[in-house]
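Visitor: The structure follows.
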Amino acid sequence: MLLLKNLAYTIIVPSTFTIYLPWLMTSEDFASTGILWFISLILFLFGGAAYLWSVWSFASIGQGTPAPFDAPTHLVVHGLYYYTRNPMYGSILALILGWMVLFPSVPLLFYGFSIGVSFHLFVLLYEEPHLQKIFGTAYDEYCARVSRWIPISSRER
């Protein structure tokens with residue numbers, strides 16, 4: 001059942017923001033070729049794999065979904081979450097960046113920037129206070145070890 005809930009959420013929410021909406025803003029007349037096409041492919045593969053790995057971690061370790069109303073009941077600090085606190089958001093931004101590289105346009109640039117700012121504000125104003133309230137000291141220790149956005153290997157683990 002948990003697998004189906006994660007699949008349904010992924011199809012409805014992230015797919016809308018990483019496939020459908022960017023696709024509406026593109027035009028095949030302006031598609032990149034050569035090295036930019038290859039870079040966009042790398043971003044699509046990396047973003048997709050990172051998202052799926054993060055969802056798998058939420059389901060298998062956290063016993064929940066990415067949906068705020070069905071969040072994990074256990075703090076997930078393994079997999080990509082060992083390196084950054086928000087790999088799922090980062091993977092979605094990588095997918096949107098892939099669209100921006102493949103179909104360079106002002107609307108996609110504005111869209112990607114807007115999504116990034118929205119993620120940051122959601123994390124600061126809702127997600128982090130909520131997780132601190134639920135997981136307390138364990139979450140505080142996790143935040144002290146792991147960067148919010150950029151994986152930093154120099155921190156003591």
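No lab work stands behind these numbers, since they all come straight from the coordinates. It should be emphasised that the depicted structure is a prediction, and the values quoted were computed from it without experimental measurement. Glycine gets a Cβ as well: all are built from the backbone with ideal geometry, and neighbour counts include every protein chain shown.
Visitor: Looking only at region 1-18, count how many residues are surrounded by 13 or more Cβ atoms within 10 Å (Cβ to Cβ) and either free of Cβ contacts under 8 Å to residues at least 60 places away in the same chain or hydroxyl-bearing (Ser, Thr, Tyr) (or both).
Guide: Residues in region 1-18 being surrounded by 13 or more Cβ atoms within 10 Å (Cβ to Cβ) and either free of Cβ contacts under 8 Å to residues at least 60 places away in the same chain or hydroxyl-bearing (Ser, Thr, Tyr) (or both): 6 in total.
Visitor: Take the residues in region 70-90 that are of a type outside the set (A, V, I, L, M) and under 17 Å from GLY136 (Cβ atoms), then tell me which one is surrounded by the fewest Cβ atoms within 10 Å (Cβ to Cβ). Give the steps one after another, and end with the answer.
Guide: From region 70-90, those of a type outside the set (A, V, I, L, M) are 70, 72-74, 78-79, 81-87, 89-90; that's our starting set.
Add one more test, that the residue is under 17 Å from GLY136 (Cβ atoms), and what stays is 72-74, 85.
Values: PRO72: 19, THR73: 9, HIS74: 12, ARG85: 25.
Across region 70-90, the extreme among qualifying residues is THR73.
Visitor: Pull up region 107-126, narrow it to residues that are exposed (fewer than 12 other Cβ atoms within 10 Å of the Cβ) and hydroxyl-bearing (Ser, Thr, Tyr), then point me to the one that is farthest from ASN86 (Cα to Cα).
Guide: SER114
Visitor: It is to be established whether one or more residues within region 49-56 are polar (S, T, N, Q) and surrounded by 13 or more Cβ atoms within 10 Å (Cβ to Cβ). If you could, list the steps in order and put the result at the bottom.
Guide: Narrowing region 49-56 to residues polar (S, T, N, Q): 54.
So of that shortlist, the ones also surrounded by 13 or more Cβ atoms within 10 Å (Cβ to Cβ) come out as 54.
The answer is yes, given that some residue of region 49-56 is polar (S, T, N, Q) and surrounded by 13 or more Cβ atoms within 10 Å (Cβ to Cβ).
Visitor: Give the number of residues within region 72-110 that are outside any helix (DSSP H, G or I), of a type outside the set (Phe, Trp, Tyr) and touching a residue at least 60 places away in the same chain (Cβ under 8 Å).
Guide: 7
Visitor: Do you know which of the residues in region 15-33 that are part of a helix (DSSP H, G or I) and touching a helix residue (DSSP H, G or I) at 6+ places or on another chain (Cβ under 6 Å) is nearest to PHE119 (Cα to Cα)?
Guide: Restricting to residues being part of a helix (DSSP H, G or I) and touching a helix residue (DSSP H, G or I) at 6+ places or on another chain (Cβ under 6 Å), the top hit is THR18.
Visitor: Only residues in region 24-44 that are more than 14 Å from LEU109 (Cα to Cα) count as the first member; pair them with residues that are aliphatic (A, V, I, L, M) and in a loop (DSSP other than H, G, I, E, B), Cβ under 8 angstrom, at least 6 apart or cross-chain, and list the lot.
Guide: TRP37/ALA31
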